[in-house]
Amino acid sequence: MGHLHNRNIIIGVTGGIAAYKIAELIRLLRGDGAAVRIIMSRGAQAFVTPLTLQSLSGFPVHTELLDETAEMGMGHIELARWADAFIVAPATADALARLAAGRADDLLTTTALATPAPVFVAPAMNQQMWKNAATATNIQRLIDRGVEIIGPSAGEQACGDVGLGRLSEPAQIRAAISAHFPSRALEGRRVVITAGPTREPLDPVRYISNHSSGKMGFALAQAAAEAGAETVLISGPVTLDTPEGVTRVNVDTALQMHEACVQHIKKPTAIFIGSAAVADYRAEVEAPQKIKKVGDTLTLNLTRNPDIITEVARSASRPSLMVGFAAETEHLIDHAEAKRLAKQLDVVIANDVSRADIGFNSDVNMVSWVDSMGHDVIPITTKRNLAKLLIARCIARMPQNCADDEHRATQSEDDS
Ligand code: PMT
């Protein structure tokens, strides 16, 4: 990490029981070298005193919009301009509604509107309030405006309920903010990513496919390119724009994706990420003409497609870090770990695709990182933010001696 050194961060604290966790968040951010200023809503002050957060942040806490002395010093516009990142944590259901509506009737909402900095919200509320359609609509409106969502996490709540609604842990919030300021740690390295579905033709007009939109893989490619990597994105048929600085290779079928992967890992590659939802089977024979309706049933003979990621992992040019995805509907972690071992991967990102709000085609996702050390949950967040987090973790997890070290050395000799 360390991308937060010399960054200015505002934390807007609203009135929830989780407000006490902000003390730890301030400590972590300051430990990374960031300057932290606090805005507290009136409700927040009922849970934690401004004096506590002032002592921890080292700055007076800002509470009032119309405070003459404050406006002469660091008023709301100066605060908004000062920030490199603005995080509302904990964000109550009311705070989300007010931010989504674009209200500007207190210091926190006004600063959120006035800041050019990226805005994050870390929701915390009763699980039923989180599930409410009004909250879901507010979250979607914020996402559509580019606000990053961090969590909430699942677990036991202060009110006794169990479910999604707990404030994400301070370390998770810090990781999300930190990932937003990417290092260029992948400068001179290659990353190859597969994305989207494959289409397996049955006849000239029909095919077998799945619901993958490519959003997860495209976000990963964007994050890898932003971290400086030479990024190759091998994509099945999707309707997304190619992220800046990314080389895109379009394919339709699993066989084509397989061939493209084999070609593109010939050059030494630091990280391979298989986020594509590859069809495991294809038609044994593609009918040359449209299959006609005859009888009440139709039997199709299917044959196995190559397991692309396994072949990449077993090849002589195995990339230094092999990361797969597992889309599961039950026994998430057990199945993901089984896939990690069977496919000889370093990491598997497990997503629960039984939920309609995450996984396939959604703008947000909640996953678990599974590796030889165990697993941990990354709270629900936008796919673009998740991608930054995953790339930051991949960088931290890369082996000391990378397969592409020689390639980098040759490149820098060429450059000199
Ligand atoms: O595209 P989105 O709408 O954003 O959705 C993202 C996603 C849900 C598709 C993505 O996050 C995801 O989970 N991708 C993997 C889905 C999948 O096919 O999982 P699997 O359990 O079948 O495959 C496990 C791993 O093997 C994956 O890395 C997959 O790319 C790879 N695989 C699978 C089959 C095959 N023939 N070749 C492969 O390389």
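The values are calculated or read from the model by the stated rules, or taken from the named source; none is laboratory data. The structure displayed is predicted, hence computed values, not measured ones. Counting neighbours? That spans all protein chains shown, and the Cβs are built from the backbone with ideal geometry, glycine included. In case anyone asks, the SASA skips ligands and DNA or RNA and just uses the protein heavy atoms, side chains included. Shrake-Rupley method; radii C 1.70, N 1.55, O 1.52, S 1.80 Å.
Things worth noting here:
- Only Lys, Arg, Asp and Glu carry charge here, each on its Cβ (+1 for the first two, -1 for the last two); on that basis the chain has a dipole of about 340 debye about its Cα centre.
- Mean-position separation - Cα centroids, segment 166-185 and segment 249-328, in angstrom: 33
- Distance histogram in 10 Å bins (all Cα pairs of segment 1-145, percent per bin): 12, 44, 35, 9, 0
- Here the accessible area is traced with a 1.4 Å probe on the protein chains. For the chain, carbon and sulfur cover 51 percent of it.
- At 1.567 mPa s and 4 °C, Stokes diffusion of the chain via Kirkwood alpha-carbon radius, µm² per second: 56
- Hits among lysines - C-alpha to C-alpha of K131 under 20 Å, sequence gap 8 or more where chains match: K383
- Trypsin sites (Lys or Arg not before Pro) restricted to DSSP loop in segment 54-158 with at most 16 other C-beta within 10 Å: R103, R145
- Applying both filters, DSSP loop and at most 15 other Cβ atoms within 10 Å, to the GluC sites (Glu not before Pro) of segment 296-333 gives E330.
- What separates the Cα centres of segment 352-403 and segment 33-59 is a distance of 31 Å.
- Annotation for L255 and K290: the two label points, set 7 Å from Cα along the Cα-Cβ direction, are 2.4 nm apart.
- At full extension, Q140 and T297 could sit 52.3 nm farther apart than now, given 0.36 nm per residue minus the alpha carbon distance.
- Potential lengthening of the chain between T247 and E156 amounts to 28.3 nm, from the contour at 0.36 nm per residue minus the alpha-carbon distance.
- With the convex hull drawn over the C-alpha atoms of segment 190-415, the volume per residue is 139 Å³.
- Here is the list for segment 194-256: GluC sites (Glu not before Pro) lying in DSSP coil, each with at most 16 other C-beta atoms within 10 angstrom of its C-beta, are E244.
- Accessible area in square angstrom per residue, the chain, 1.4 angstrom probe: 46
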